[in-house]
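The values are calculated or read from the model by the stated rules, or taken from the named source; none is laboratory data. What you see is a predicted model; the values in this text were computed from it and never measured. For neighbour counting, all protein chains shown are included, and Cβ atoms are generated from backbone atoms with ideal geometry for every residue, glycine included. Protein only, heavy atoms only, side chains kept; ligands, DNA and RNA dropped before computing areas. Shrake-Rupley method; radii C 1.70, N 1.55, O 1.52, S 1.80 Å.
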Amino acid sequence: MVTTSEARVEAAFEELAVERPLLSKVKEFARKQPLGTFGAVIVLVMVFSALFADFIAPHDPINNSYEHILESYSSTYLLGTDQFGRDILSRIIYGARTALLVGFTAAIIGSVTGLVLGVASAFFGGRFDLLFQRVMDVFMAFPLIILALAVVSIFGTGIQNVIIAITIPFIPRCARVVRSSALAIREIPYIDAARANGFSNARIILRHMVPNVMAPFLIMITAFVGQAILLEASLSYLGLGVQEPVPAWGLMLQGGAEEYAESAPWVAIWPGVAVSLAVFGFNLFGDSVRDTLDPKLRSQ
Amino acid sequence: MWQYILKRLILMIPTLVGAAILIFFLLRLIPGDVCELKMAGAGLYADQEQIDICRAELGLDRSVMVQFWEFFSGFLVFDLGKSMWTGREITYEIGLRFQLSLQVAIMATLTATLIAIPLGTISAVKQNTWIDYFVRAFSIAGIAIPSFWLGIMIILGLLITTQAWFGTPWMPPIEYVSPLEDFWGNMSQLIWPAVATGYRYSAVATRMTRSALLEVLREDYIRTARAKGLMDKLIINRHALKNSMLPVVTVIGIEFAFLMGGLVVTEQVFNLNGLGKLFVESVTSQDFSMTQALVMVVVCVFIFTNFLVDIVYAWLDPRIRYA
């Protein structure tokens, strides 16, 4: 006779296995993290405008039209036009594309590289770890933008090089954090068990260690996306990032935003609002995700 | 304690050497050099012979290792060489601008501290009320708002208000004057850049104050203080705040080291002739010797500040010394 207790245990497992519907999870998140939900909404709006820029944007973001230079707010140009007669709203909408492209690519490449290096460093330990840490120390001694500028000066400007310049400083920052959580995992017996089974180092790192450092890693990615957007805007503002005529928020502030600030303040105001909102959104969202995932912070 | 200081000092050496190697060889990967750029800038046809002469003058024709050794050994005795672009001594160029950048950095740190500690405290004491939400949003906004845009907005605001009040738009002084000579003139030039940079740096410190204070407020001795009937104000000021300041001081110290990065953009907006602007100019004109010298200055400031923070920390908290 199959004992009822066994059946009960099985039922309990099944219940655990059944995922709660996504909607109820989202609702709970929204109730507990009002700020985080606000952030998520901003991020979603941004992703939406980047994906469907061709359909939403009222004008072409690149074509100059010299009969409409520096026009104020109107029903045709909702946020006015810049010094080349381009519609600011359309450039902001297309700018979301550039920002997200740079933000996600740099954040993902940088953090995945950092993840692998950090876990490997913790796994091998010993001399390799020591040497690796010193190399990371060197990279960390450069402020983000200084290192990014140095890289730009080597590879030159343009969108791909900006991505490289932003990715490189992210790698050591991610590796540092991942290494410290991986060090704790290395001591847990299942890693010894895996080693006793004769699994290869690569398999142990990728299958057994990497999945267990996912939580801090995912949080770091959202933070990196925000930072990357900000960094791209700063580089473009300095004239060392994305180049004209690509619509990018930092670039919109570079060409004469200050010169025309008094007579045409909309040129200077709106692209900055876009950058701030985007980074604000990613940070709020990332913060709340961390609070939700980390039980220690839940009560705070 | 001395042993700890010595250990930290020795650890600084590989980082410095590594940074020197990294920046030197990174810059040598650049296609083209300052000579080609100089010729192009003067509108001359890039004559190979001319370029070779220019390279020989700047010592760019020697082997990379010789050049590296010259750079590194010079760096050890504070001889940074000559700018490849202007031909002047780099120490002279840096000396011209150092005071301005240092003053903005100090003022920005003060601004950040003055914003962070009161706001963080209120936020922790009023945890999960609308005041707390507001402060948290305000500090995240500090991270999100690009300091260069904040700078543009401040300038715009000043232009509009001065126009309305005095009839003439505000003009910042262009030349840097020492605060000892003309205090108000100096302040009117540097206060706004300091605010724009300081707000950004207050963000991290505000959050740190909040979370450190929240942790301390849960301690038993705070409960004891409450139980014996002390006023809330006294508990916060005398018992809680003092014990939560350690991580906050650390964060402010480390942020100071990163200020240099923030100054790169702020100086551009406010058109200040400081180290940040010099750095951007050296990158655009491919002035290797200037770029690498400035990077080394930044790295040194960073390493040294970190060292000081560590020492202060170890002095305040003996557990660290023996770890």
(request) Check off (1) of a type in the set (Val, Ile, Thr); (2) touching a Pro at 6+ places or on another chain (Cβ under 9 Å); (3) closer than 20 Å to residue A:282 by Cα for residue A:76 and give me the number that stays unchecked. (result) (3)
(message) Can you find a residue that is closer than 17 Å to residue A:100 by Cα, free of Cβ contacts under 8 Å to residues at least 60 places away in the same chain, part of a helix (DSSP H, G or I) and among the polar types (S, T, N, Q) anywhere in region A:33-50?
(response) yes
(message) Against the conditions (1) assigned to a helix (DSSP H, G or I); (2) in contact with a helix residue (DSSP H, G or I) (Cβ under 9 Å, 6 or more places away or on another chain); (3) of a type in the set (A, V, I, L, M), where does residue A:62 fall short? Just the number, please.
(response) (1)
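Go through region B:287-309 and count every residue that is closer than 17 Å to residue A:156 by Cβ and in contact with a Ser or Thr (Cβ under 7 Å, 6 or more places away or on another chain). Give the derivation first.
Of all residues in region B:287-309, those closer than 17 Å to residue A:156 by Cβ come to B:287-288, B:291.
Subsequent filtering for residues that are in contact with a Ser or Thr (Cβ under 7 Å, 6 or more places away or on another chain) retains B:287, B:291.
Of the residues in region B:287-309, 2 are closer than 17 Å to residue A:156 by Cβ and in contact with a Ser or Thr (Cβ under 7 Å, 6 or more places away or on another chain).
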(message) Going by what's in this entry, would residue B:159 be described as surrounded by 15 or more Cβ atoms within 10 Å (Cβ to Cβ), more than 25 Å from the chain's Cα centre (by Cα), over 20 Å from residue B:270 (Cβ atoms) and of a type in the set (A, V, I, L, M, F, W, C)?
(response) no
(request) Would you point out which residue out of A:103, A:114 is at pLDDT 90 or above and touching an Asp or Glu at 6+ places or on another chain (Cβ under 9 Å)? (result) A:103
(request) Pull up region A:223-271, narrow it to residues that are hydroxyl-bearing (Ser, Thr, Tyr) and modelled with pLDDT of 85 or more, then point me to the one that is nearest to residue A:182 (Cα to Cα). (result) A:234
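Restricting attention to helices (runs of 4 or more DSSP H) lying wholly within region B:142-254, give those where 3 or more residues are more than 14 Å from chain A (Cβ to nearest Cβ), out of contact with any Asp or Glu (no Cβ under 8 Å at 6 or more places or on another chain) and under 30 Å from residue A:249 (Cα atoms).
Numbers: elements: B:147-166, B:183-217, B:220-227.
Qualifying helices (runs of 4 or more DSSP H): B:183-217.
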(message) Being at pLDDT below 85 and farther than 23 Å from residue A:140 by Cβ: is that true of residue B:292 here?
(response) no
(message) Whether any residue in region A:253-261 is more than 20 Å from the chain's Cα centre (by Cα) and aromatic (Phe, Trp, Tyr) is what I want to check.
(response) yes
(message) If I filter region B:77-89 for residues that are of a type outside the set (Val, Ile, Thr) and either under 20 Å from the mean Cα position of the chain (by Cα) or part of a helix (DSSP H, G or I) (or both), do I get at least one hit?
(response) no
(message) For a quick check of your reading of the model, give me the residue pairs whose first member lies in region B:10-25 and is facing chain A (nearest Cβ under 7 Å) and among the small types (Gly, Ala, Ser), whose second is in a helix (DSSP H, G or I) and surrounded by 20 or more Cβ atoms within 10 Å (Cβ to Cβ), with beta-carbon atoms closer than 7 Å and at least 6 apart or on different chains.
(response) B:18/A:138; B:19/A:138; B:19/B:299
(request) Just give me the residues in region B:255-269 being more than 10 Å from chain A (Cβ to nearest Cβ) and open to solvent by less than 30 Å² (accessible area, probe 1.4 Å), in sequence order. (result) B:266, B:267
(request) Working only within region B:109-135, note down all residues that are touching a Leu at 6+ places or on another chain (Cβ under 7 Å) and within 14 Å of another protein chain (Cβ to nearest Cβ). (result) B:120, B:124, B:127, B:133, B:135
(request) List the number of the failed condition for residue A:87; all other conditions in (1) charged (D, E, K, R); (2) open to solvent by 10 Å² or more (accessible area, probe 1.4 Å); (3) touching a residue at least 24 places away in the same chain (Cβ under 8 Å) hold. (result) (2)
(message) It is to be established whether one or more residues within region A:124-135 are open to solvent by less than 80 Å² (accessible area, probe 1.4 Å), under 21 Å from the mean Cα position of the chain (by Cα) and at pLDDT 85 or above.
(response) no
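Do you know which residues across region A:149-167 are more than 9 Å from chain B (Cβ to nearest Cβ) and touching a residue at least 60 places away in the same chain (Cβ under 8 Å)? First the steps, then the outcome.
Going residue by residue through region A:149-167, those that are more than 9 Å from chain B (Cβ to nearest Cβ) are A:157-167.
Hits for region A:149-167 are A:157, A:158, A:159, A:162, A:163, A:165, A:166, A:167.
Within the group A:215, A:202, which residue is over 28 Å from residue A:148 (Cβ atoms) and surrounded by fewer than 16 Cβ atoms within 10 Å (Cβ to Cβ)?
On the way: A:215 fails: over 28 Å from residue A:148 (Cβ atoms).
Checking each option against the conditions leaves just A:202.
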(request) Could you tell me which numbered condition residue B:317 fails, if it satisfies all but one of (1) acidic (Asp, Glu); (2) out of contact with any Pro (no Cβ under 8 Å at 6 or more places or on another chain); (3) modelled with pLDDT of 85 or more? (result) (3)
(message) I want to confirm something. Restricting to region A:261-283 and keeping residues that are open to solvent by 10 Å² or more (accessible area, probe 1.4 Å), small (Gly, Ala, Ser) and under 14 Å from residue B:145 (Cβ atoms), which single residue is nearest to the other protein chains (Cβ to nearest Cβ)?
(response) A:276
(request) Select the helices (runs of 4 or more DSSP H) contained entirely in region B:271-323, then report the ones holding at least 3 residues which are more than 14 Å from chain A (Cβ to nearest Cβ) and open to solvent by 20 Å² or more (accessible area, probe 1.4 Å). (result) B:288-316, B:318-321
